[in-house]
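Worksheet: one structure, shown below.
The values are calculated or read from the model by the stated rules, or taken from the named source; none is laboratory data. Keep in mind that what you see is a predicted model, and the values were worked out from it rather than measured. Don't worry about glycine lacking a Cβ; one is built from the backbone with ideal geometry, like all the others, and counts go over all protein chains shown. Side chains are part of the model used for accessible areas, which takes the heavy atoms of the whole protein and leaves out ligands, DNA and RNA. Shrake-Rupley method; radii C 1.70, N 1.55, O 1.52, S 1.80 Å.
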Amino acid sequence: MPVARPEPQEPRVIAHLDLDCFYVQVEQRRNPALRGQPTAVVQYNDWKGGGLIAVSYEARKFGVKRSMRGDEAKNVCPGINLVQVPVSRDKADLNVYRNAGSEVVAILSTKGKCERASIDEVYLDLTDAAKEMLLESPPESSEFTFEEATKSNILDLPSDVGDREENVKAWLCRADANYQDKLLACGAVLVAQLRVKVLEETQFTCSAGIAHNKMLAKLVSGMHKPAQQTVVPSSSVQDFLASLPVKKMKQLGGKLGSSLQDDLGVKTVGDLLGFTEEKLQEYYGVNTGTWLWKTARGFSGEEVEDRLLPKSHGCGKTFPGPKALKNHSSVKSWLDKLCEELSERIQSDLSCNKRVAQTLTLHARASKENECNSMKKFPSKSCPLRYGTGKIQEDAMKLFESGLHDFWGSRSARWSITSLSVTASKIFDIPSGTNSILKYIKGPSSNASTAILDSSSTPELTPFVVHEEQCEPSSIKEECDNSISATQCRLIEGKGAPKKLSKVQARRVLQEQAWLNNMVGTILTRPSTTLPVPVTHGCSMLKTLIRT
């Protein structure tokens with residue numbers, strides 16, 4: 001359930017940038033002949049021409065939609081170009097799109113705090129940059145206003161088609177505007193500059209929303225597509241939200257939104273204004289009730305996280321209809337492929353970004369034969385992640401067996417798996433002090449520190465322990481929980497750490513322990529002839545210290 005967060009004391013400038021038909025744009029850059037042509041990107045699937053995951057605006061004019069199959073799209077638009085997503089290990093390979101998205105993130109992050117929300121969308125906190133612009137060169141004092149900014153869409157700004165840009169320019173340059181709107185005007189100029197830079201350097205267009213919080217910026221970023229931006233002044237928030245269906249709001253598309261409709265008769269966000277905060281708390285609890293009350297008024301304290309890299313890595317595959325997996329050998333075959341891809345991605349993350357994943361999670365969807373209406377879900381399972389493709393494959397199969405036992409019990413009846421995915425999460429940076437520790441344990445002529453970072457043999461010494469997860473299967477918008485649990489804090493205290501640790505301190509101790517375990521294990525598992533005696537002896541001493 002959503003929880004209300006404290007609102008900032010000062011106004012912020014938040015932008016949400018969404019790349020337009022991103023998969024299509026990537027394919028158009030790879031093959032310029034596709035530009036201006038009706039095009040769709042097709043997910044790997046041989047049934048009825050595959051499923052469409054991105055449709056160009058030229059194809060949309062013919063009525064092509066993402067919900068269609070490739071064959072249906074051809075019937076609607078005979079001249080459409082269908083481009084298949086690259087395939088690896090008999091499944092879609094999204095690396096080309098991930099890498100293209102990283103190019104955009106590198107540009108956007110130059111202006112403020114940047115949060116990569118998915119493969120094709122980013123949040124920016126431009127507050128500091130907007131304040132600096134307002135002090136040094138506010139829009140009203142500039143002789144020239146950035147041209148792209150004058151093409152912005154300002155909510156509730158009346159304008160005719162003929163003088164639209166002049167009206168926008170006048171709004172951006174108002175000397176009598178309040179402080180919040182002046183910051184938004186600076187934000188509009190900054191976002192316009194970034195969008196132009198992205199286009200020049202990557203050939204990709206993007207749309208954007210600029211507001212005082214993440215919620216509003218996200219809501220309006222897709223209002224005017226493609227290649228446009230929309231600004232939400234504070235004075236227009238209530239009118240904008242009044243007629244917005246509650247299901248369009250983040251975190252209200254599921255059970256909570258359905259409850260608002262069914263139990264309270266709330267159809268739009270504006271309908272929520274008829275309920276007091278106390279009444280909403282009575283129905284949904286103190287935290288969620290307050291969150292609903294604030295959401296109805298356009299308030300949100302959610303901050304932009306300073307994160308350019310994904311919080312988790314996930315690989316999955318669906319098996320619809322007759323393709324469902326119905327025996328252990330077929331499950332193992334697919335799990336091996338998924339784990340091989342996952343292993344490559346976390347090894348690349350380790351090598352390029354010096355980050356370590358700590359948790360392996362398996363998600364699945366299943367059905368029981370002759371029990372089509374069974375509501376019981378296949379439980380998600382997790383365990384400590386051990387580096388190495390073989391180890392990940394072995395542990396993933398154990399997780400599947402554990403989940404299958406809970407799902408079906410010990411009965412030898414038939415089952416079908418319609419979806420499988422494996423996720424590596426709880427990803428932490430390697431502690432900065434690691435290199436200094438390694439200097440003490442390697443010999444004069446040893447290159448142990450280089451060997452330690454060899455991604456092919458980084459073991460995890462934590463024993464295999466299955467944990468049941470409550471989360472749903474991961475999607476392209478990758479999510480995981482990076483928080484530290486109270487149990488972990490107690491474990492740290494029991495090993496001689498200070499009695500009172502902050503979450504940051506506790507997390508760092510865990511990182512150092514986990515990483516040191518990995519490093520020591522790597523050296524000790526190598527043949528003794530490849531390392532000088534001082535290294536092996538030093539690692540043995542360190543391992544003894546860790547155990548104590």
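How do the helices (runs of 4 or more DSSP H) wholly within region 86-173 filter down when requiring 1 or more residues that are out of contact with any helix residue (DSSP H, G or I) (no Cβ under 6 Å at 6 or more places or on another chain), more than 17 Å from ALA192 (Cβ to Cβ) and of a type outside the set (Asp, Glu): which remain? Quick ask: steps written out before the conclusion?
Numbers: elements: 95-108, 127-136, 164-172.
So the answer is 95-108, 127-136.
On the given criteria, is GLU200 open to solvent by 20 Å² or more (accessible area, probe 1.4 Å), within 24 Å of SER102 (Cα to Cα) and free of Cβ contacts under 8 Å to residues at least 12 places away in the same chain?
In short, yes.
For region 85-101, which positions are closer than 30 Å to GLN229 by Cα and in contact (Cβ under 8 Å) with a residue 24 or more places away in the chain?
Let us first name the residues in region 85-101 that are closer than 30 Å to GLN229 by Cα, namely 85, 94-101.
If the condition is that a residue be closer than 30 Å to GLN229 by Cα and in contact (Cβ under 8 Å) with a residue 24 or more places away in the chain, then VAL85, LEU94, VAL96, TYR97, ALA100, GLY101 are the ones that fit.
Name every residue in region 402-432 that is among the acidic types (Asp, Glu) and either at pLDDT 95 or above or in contact with a strand residue (DSSP E or B) (Cβ under 7 Å, 6 or more places away or on another chain) (or both), in order of residue number. Reasoning before the result, please.
Step one: list which residues in region 402-432 are among the acidic types (Asp, Glu), which gives 406, 429.
Of everything in region 402-432, just one residue is among the acidic types (Asp, Glu) and either at pLDDT 95 or above or in contact with a strand residue (DSSP E or B) (Cβ under 7 Å, 6 or more places away or on another chain) (or both), namely ASP429.
Which ones in region 28-44 are within 12 Å of GLN84 (Cβ to Cβ) and touching a Leu at 6+ places or on another chain (Cβ under 6 Å)?
Passing the criteria: ALA40, VAL42.
Going by the structure shown, is LYS74 assigned to a helix (DSSP H, G or I), touching a residue at least 12 places away in the same chain (Cβ under 8 Å) and not β-branched (Val, Ile, Thr)?
On the way: assigned to a helix (DSSP H, G or I): yes; touching a residue at least 12 places away in the same chain (Cβ under 8 Å): yes; not β-branched (Val, Ile, Thr): yes.
The answer is yes for LYS74.
Just one of the numbered conditions (1) of a type in the set (D, E, K, R); (2) in the same structural domain as VAL26 (by the TED database); (3) touching a residue at least 12 places away in the same chain (Cβ under 8 Å) is not true of ASP125; which one?
(2)
Of all residues in region 300-358 being under 30 Å from GLN9 (Cβ atoms) and in contact with a strand residue (DSSP E or B) (Cβ under 8 Å, 6 or more places away or on another chain), which is surrounded by the most Cβ atoms within 10 Å (Cβ to Cβ)?
So the first thing to find is which residues in region 300-358 are under 30 Å from GLN9 (Cβ atoms), and the list is 300-309, 311.
Within this subset, residues satisfying the condition of being in contact with a strand residue (DSSP E or B) (Cβ under 8 Å, 6 or more places away or on another chain) are 303-309, 311.
Working: GLU303: 17, VAL304: 23, GLU305: 16, ASP306: 11, ARG307: 16, LEU308: 15, LEU309: 14, LYS311: 15.
Taking the candidates together, the pick is VAL304.
Any idea how many residues of region 334-353 are more than 12 Å from TYR387 (Cα to Cα) and touching a helix residue (DSSP H, G or I) at 6+ places or on another chain (Cβ under 6 Å)?
The total comes to 3.
Looking at ALA192, is it farther than 25 Å from ALA296 by Cα, of a type outside the set (Phe, Trp, Tyr) and modelled with pLDDT of 95 or more?
On the way: farther than 25 Å from ALA296 by Cα: yes; of a type outside the set (Phe, Trp, Tyr): yes; modelled with pLDDT of 95 or more: yes.
Against the criterion (farther than 25 Å from ALA296 by Cα, of a type outside the set (Phe, Trp, Tyr) and modelled with pLDDT of 95 or more), ALA192 qualifies.
Go through region 21-50 and give me each residue that's surrounded by 20 or more Cβ atoms within 10 Å (Cβ to Cβ) and small (Gly, Ala, Ser). Break it down into steps so the answer makes sense when it comes.
Here is the first cut: in region 21-50, the ones surrounded by 20 or more Cβ atoms within 10 Å (Cβ to Cβ) are 21-28, 38-42, 50.
Passing the criteria: ALA40, GLY50.
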